[in-house]
Amino acid sequence: MNYCSQCGKTVSSKIPEGDNRERYVCDSCKTIHYQNPNNIAGAILTWQDKVLLCKRAIDPRYGQWTLPAGFMENNETVAQAAARESMEEANARVGALKLFGVFSMPYLSQVYLMFTGSLISDDIAPGAESLEVELFTRDQIPWQEIAFPVMSHSLELFFRFGADSGKVHHAWFSRSPDREVKIHFES
């Protein structure tokens, strides 16, 4: 950040009085600009014994498979965001969604809120961000082509515990300097 969104003057990175973290502070009007993690909402959607996956038509990880998910928008609930992303990426209409997992990725300043639910029908088609969409049984999933560790983890938990375990799963992910991602289970 270079300029204040309030007055347009330059900002400096410093620890404001009474705070314990560096923030961008306007040199002129003294507005403190907080930066917070991004929330990503996604869904594990089923039709009979199959799970919906989308092949990415955008970077990062173009051409790899993922669950429908994306950044929340203002003025929507987390469940609404997961349903919207499912429609945008796979033209998928969903029934009721249930929170399945909360996964923190501090190294990316992201929090994933993953839901489970059923498709209203198997009438799905790629949206603008997907090359393909497909329903996979557990054995058909292209595990080596899953785009993000949090998606692989979500799928593994889903197949281990099911959608109706009554448990909301928690974990956080770290990344080593050589970019290896490690999962830390909280529950």
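The values are calculated or read from the model by the stated rules, or taken from the named source; none is laboratory data. Here the structure is a predicted model, which means the values were calculated and not measured. Because the Cβ atoms are built from the backbone with ideal geometry, glycine has one as well, and the counts that use them run over all protein chains shown.
Only one entry of Ala69, Ala57 meets the criterion of being crowded, with 20+ Cβ neighbours inside 10 Å and under 18 Å from Arg84 (Cα atoms), and that entry is Ala69. Quick check, is Ser109 under 20 Å from Asn38 (Cβ atoms), loosely packed, with under 12 Cβ neighbours inside 10 Å and either of a type outside the set (S, T, N, Q) or touching a residue at least 12 places away in the same chain (Cβ under 8 Å) (or both)? Yes.
Consider Gln35 carefully, then state whether it is part of a loop (DSSP other than H, G, I, E, B) and in contact (Cβ under 8 Å) with a residue 60 or more places away in the chain. Answer is yes for this residue. The strands (runs of 3 or more DSSP E) found wholly in region 86-187 and carrying at least 3 residues that are among the aliphatic types (A, V, I, L, M) occupy 98-105, 110-118, 130-136. Being under 24 Å from Val181 (Cβ atoms) and without any contact (Cβ under 8 Å) to a residue 60 or more places away in the chain is a property that Ala43 lacks.
For Ala81, the requirement of being without any contact (Cβ under 8 Å) to a residue 24 or more places away in the chain, assigned by TED's automatic domain parsing to the domain that holds Ala163 and either in a loop (DSSP other than H, G, I, E, B) or not acidic (Asp, Glu) (or both) is not met.
Just one residue in the set Ser86, Ser28 is among the hydroxyl-bearing types (Ser, Thr, Tyr), modelled with pLDDT of 95 or more and crowded, with 16+ Cβ neighbours inside 10 Å; that residue is Ser86.
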